Amino acid sequence: MKKEIEISIPQGYEDVTLKKYLTLQKELKNYEGEEDAQAAVLVTYLCGIDSDILAGLGKKDYNTIGYELGKWISKTDFDLKRIITIDGVEYGFEPNLSNIAYGAYADITQYGTLTIDDNWAKIMSILYRPITKRVRDTYEIQKYNGEIDSDKFLEVSMDIHLGTLFFFVHLSTDLLKNILNSTKVEQFPPNIKSILERSGALMQLSLNLPTETLERLIELLKNR
């Protein structure tokens, strides 16, 4: 007797949480060099199905999943979302990076780089804080008190995380090419150049390699 199942396929990074993304990346790394296993991991984690169901999927199902995931998996044009809502509370991105509180700056730079890894939720918790006053798109956020609540950012969707990451990718490029050669550099913390240089290199690596891997796995799914 045939059993009908329903598979929920994410339609974009807005359907993938940071927690799921980090778990997926770790699992893909565990099966590095085993593309069939990685393809199975990709479907298992993104579509939320177990191995028994996965084993019973036919070629048509794999093609459909590969096609739908391929629509967005390599997307890179994300914008910074300055205001986000978590559990009914509005959070604002640090409105003045050139005048960021020293404690916030010190806590961010202790991680050495800005890239989506196990420390990223902590960094997001520092950069995004509850809005205390808002007039249209202008806002003030809670003063940094050293408290980090990273768990809530693990449940935030990847479109927001990637928008923040790409903001720093573009910022590092602009600063290193232009601002660092001008008198305006005094507006930024003294070791921002080294931080951005290290971050920029690692950010590009973190963006390119997972994307290439995911694109390759998508093609594998389509051709099963």
- Answer from Thr17, Thr64 - the residue that is outside the structural domain of Asp118 (by TED's automatic domain parsing) and within 30 Å of Arg136 (Cβ to Cβ): Thr17
- Message: Of all residues being more than 20 Å from Asn96 (Cβ to Cβ) and assigned to a loop (DSSP other than H, G, I, E, B) in the stretch 149-189, which is modelled with the lowest pLDDT? Just the residue, please.
- Response: Asp149
- From Gly33, Gly12, grab the single residue that is farther than 27 Å from Asp151 by Cα and loosely packed, with under 15 Cβ neighbours inside 10 Å. Gly33
- Message: I'm trying to understand the selection: among the residues of the stretch 1-41, which are in contact with a Phe, Trp or Tyr (Cβ under 7 Å, 6 or more places away or on another chain), closer than 14 Å to Arg216 by Cβ and of a type outside the set (Gly, Ala, Ser)?
- Response: Gln38, Val41
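The values are calculated or read from the model by the stated rules, or taken from the named source; none is laboratory data. Just so it is clear, the structure is predicted and the values come from calculations on it, not from any experiment. Positions of Cβ are backbone-derived with ideal geometry, glycine not excepted, and every protein chain shown enters the neighbour counts.
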